[in-house]
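Q: Starting off with a structure, shown below.
Each reported figure results from applying straightforward, stated rules to the coordinates on display, with no laboratory input. All values derive from a computational prediction rather than experimental measurement. Every residue, glycine among them, receives a Cβ derived from its backbone with ideal geometry; neighbour counts consider all protein chains shown.
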Amino acid sequence: MGGTRATRLGIVLVTTIAVLGLMMISIDPQVQHTVDEIMDNPDEHQSQTIFVRGAVVNNSIDFESMIFIISGAESILLVDFTNAAVPDGFADGRTVAVTGQLIENHNVWELSASEIQTGCPSKYES
């Protein structure tokens, strides 16, 4: 009834591979953009959920209005983080990855953030 040990091990292996395969299929890869890429043609990304990486501009974090600014090499983007949790390590000058919806608000492009990610600083220190 229990089968041989090799048969049971084979069933567990096949089941594990099937579950991992289903997990990989169900995950949509997110294309990461720079601030400059987005701001070169923001109309192309309007009302879309996008994933943007940039540096938090010094002295731009405002916890009262829940906004901050991220910058690229040449462009900046206003981020509204009203609906996003602030992660540990979030600070001026840090590189962050923000997922959200790009909208135009009174002729100013704004990213309405749903998620903010920061990297681990010890990972980059030598």
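Q: What longest region of the chain stays clear of GluC sites (Glu not before Pro) that DSSP places outside H, G, I, E and B and that have at most 11 other Cβ atoms within 10 Å?
A: Longest gap between qualifying sites, sites excluded: 1-63.
Q: If you stretched the chain out fully between Asn83 and Gln117, how much longer would it get, using 0.36 nm times the residue separation minus the C-alpha to C-alpha distance?
A: That pair, Asn83 and Gln117, stretches by 10.9 nm at full extension.
Q: Working from Cα positions, state the angle (0 to 90°, nearest 10) between the long axis of helix 5-26 and the longest principal axis of the chain.
A: 20 degrees
Q: So, one more: Could you calculate the FRET efficiency of Ala91 with Met23 from 1/(1 + (r/R0)^6), where r is the beta carbon distance between them and R0 is 25 Å, rounded to 0.05?
A: Using R0 = 25 Å, I get an efficiency of 0.15.
Q: Moving on to the next point. Once R0 is set to 22 Å, what does the formula 1/(1 + (r/R0)^6) return for the Cβ-Cβ distance between Asn107 and Thr49, expressed as a FRET efficiency to the nearest 0.05?
A: Taking R0 as 22 Å, the efficiency between Asn107 and Thr49 is 0.50.
Q: Treating the Cα atoms of the chain as identical point scatterers in vacuum, please give the log10 of the normalised Debye intensity I(q)/I(0) at q = 0.15, 0.16, 0.22 Å⁻¹, two decimals.
A: Reported log10 I(q)/I(0), two decimals: -0.72, -0.78, -1.25.
Q: Shifting gears a bit: Kindly provide the chymotrypsin sites (Phe, Trp or Tyr not before Pro) of segment 53-86 that DSSP labels as loop, not H, G, I, E or B, and whose Cβ sees at most 12 other Cβ atoms within 10 Å.
A: Listed in order of number, the matching sites are Phe63.
Q: Could you compute the net charge surrounding Ile103? Neighbours are other residues with a C-beta less than 13 Å from the C-beta of Ile103; K and R count +1, D and E count -1.
A: Cβ neighbours under 13 Å give a net charge of -4.
Q: Modelled label-to-label distance, Val31 and Val57, 7 Å Cα→beta-carbon offset: nm?
A: It is 2.6 nm.
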